[in-house]
Every structure is written in structure tokens, then in C-alpha cells.
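For reference, the structure discussed in these notes is given below.
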Amino acid sequence: MQFEIRHVFPTDPETFWTRVFFDREFMRRTYTEVLGFREFELLELTGEPGGVRTRKMRTRPASEPPAVVKKLAGGPIDYTETGRFDPATGLWTYQMTTSASEKVQIGGVVRAVAHPDGLERILEGHVNVKVFGVGKAVERFIEKTTRDGYERSAAFTAEYIRELGLDRGRTEEAS
């Protein structure tokens with residue numbers, strides 16, 4: 001299953017990648033305060049702003065998955081995201097593994113493109129669950145929770161950009 005999620009933010013793509021997306025405080029607040037995850041751990045963050053960056057993190061959502069997903073996992077579900085940002089292409093490419101099963105594949109590409117109101121963040125995601133009889137239902141659950149999380153975090157992202165004074169109007173005025 002493939003899906004797309006779009007949001008517009010009041011800053012430019014370079015500022016988004018260098019000052020927001022990889023900011024440790026932004027990540028912590030997004031996952032713990034906004035999304036209410038039970039656990040968030042930044043395992044690895046490499047590279048310098050403006051260069052190739054990698055990130056690896058482990059999370060445990062607070063929401064209870066459907067019974068079929070719980071059965072696959074045999075307990076609480078953890079996600080480990082591993083991703084790489086390439087400034088030459090402007091793409092964040094990520095894969096997620098889950099404690100639920102090796103039969104669950106989640107990943108995607110995020111890009112931030114110029115938009116009249118700042119930038120448009122575009123997620124092109126995919127979910128593939130190879131479990132006979134329930135795969136499509138689990139895929140729909142993962143897609144829905146991903147969409148819900150992106151919706152909740154979009155408002156916070158715009159607020160965070162403004163909080164740091166990185167919004168488009170203020171960054172242009174400073175130039």
C-alpha cells in the first residue's frame with residue numbers, strides 16, 4: 001500500500017532540514033509531548049547541517065494496536081526508524097522495522113519543496129504486511145496511525161518554527 005501526506009510550513013526547505021527536522025529538542029517534543037509515545041530514544045544522529053545526515057531512533061507508541069497486531073508482536077510494539085538525508089537530492093529516505101514481525105515493511109521518502117507559503121513537506125510512504133488473511137487490515141491500521149500522527153505533528157511543527165523565529169516572514173525580514 002502506498003500513500004502520500006502533504007503539509008505546508010512557514011519556512012524554507014534548507015531551514016527545515018538544518019534547524020528543525022534534525023533538532024534533538026524538536027524530535028523529543030514531537031514524539032513525547034505531541035504524539036504521546038511511551039518511549040522515544042534517539043540511537044544515532046550523524047552528519048553536519050548542510051551535509052549528508054543519518055538518524056536512527058526507537059519508539060513505542062502509546063496507542064493500543066488491533067488484536068491481530070498485538071498477536072503478531074507478542075507484546076508491546078516498538079518501531080526502529082533508520083534514515084538518511086541527502087542534501088544533493090533533498091530527500092529523507094527511511095525504513096522502519098517493528099517488533100511485530102519481520103513480515104511488516106514500512107518506509108518512505110520525505111521531501112521539502114518550495115511553496116508560496118514557505119515549504120511543502122511531502123511524505124510518500126509505503127506499507128507492506130505479508131500476513132495471510134490480515135495483511136491488508138494491518139496495512140490500513142499503520143497508514144491511518146501514520147496519517148493521524150503527521151496531522152497532529154504538523155500543527156506543532158509550524159508552532160515550533162514560529163517559536164524559534166524561523167518562519168518565512170521573520171527569516172526574510174532578517175536578510
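Under a Cβ-Cβ cut-off of 12 Å, what is the net charge of the residues other than residue 143 that fall near it, where Lys and Arg count +1 and Asp and Glu count -1? Present the calculation step by step, with values, prior to reporting the outcome.
On the way: positive: 136, 140, 144, 147; negative: 4, 139, 148.
So the surrounding residues net to +1.
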Point to revise | Degrees separating the helix 135-163 axis from the principal Cα axis of the chain, which is the longest one | key: 20 degrees
Check your understanding: Assuming R0 = 25 Å, what is the FRET efficiency of residue 132 and residue 2, from their Cβ-Cβ distance, to the nearest 0.05?
Key -> 0.75
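Add +1 for every Lys or Arg and -1 for every Asp or Glu among the other residues with Cβ under 11 Å from the Cβ of residue 29, and state the total. Intermediate results must be reported in sequence, preceding the final value.
Values: positive: 24, 28; negative: 23, 25, 33, 159, 163.
Neighbourhood net charge equals -3.
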Review point. Based on the inverse mean of 1/r over its pairs of different Cα atoms, what is the Kirkwood hydrodynamic radius of segment 2-174, in Å?
Key: 16.9 Å
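What is the sum of charges, Lys and Arg at +1 and Asp and Glu at -1, for the other residues whose Cβ falls under 12 Å from the Cβ of residue 46?
Numbers: positive: 53, 55, 56, 84; negative: 44, 48.
Once positives and negatives cancel, what remains is +2.
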Point to revise | Mean separation of Cα contacts under 8 Å, 6 or more apart, over the residue count of the chain: relative contact order % | key: 27 percent
Point to revise | Count of Lys pairs (Cα-Cα under 17 Å; at least 8 positions apart or interchain) in the chain | key: 10
Review point. Among 159, 143, which comes first, then next, by fewest other beta-carbon atoms within 10 Å?
Key: 159, 143
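Read-outs: derived from the displayed coordinates by stated rules, not from any lab. Quantities reported herein were computed from a predicted structural model and do not represent experimental measurements. Cβ sites come from the backbone with ideal geometry, for glycine too, and all protein chains shown count toward neighbours.
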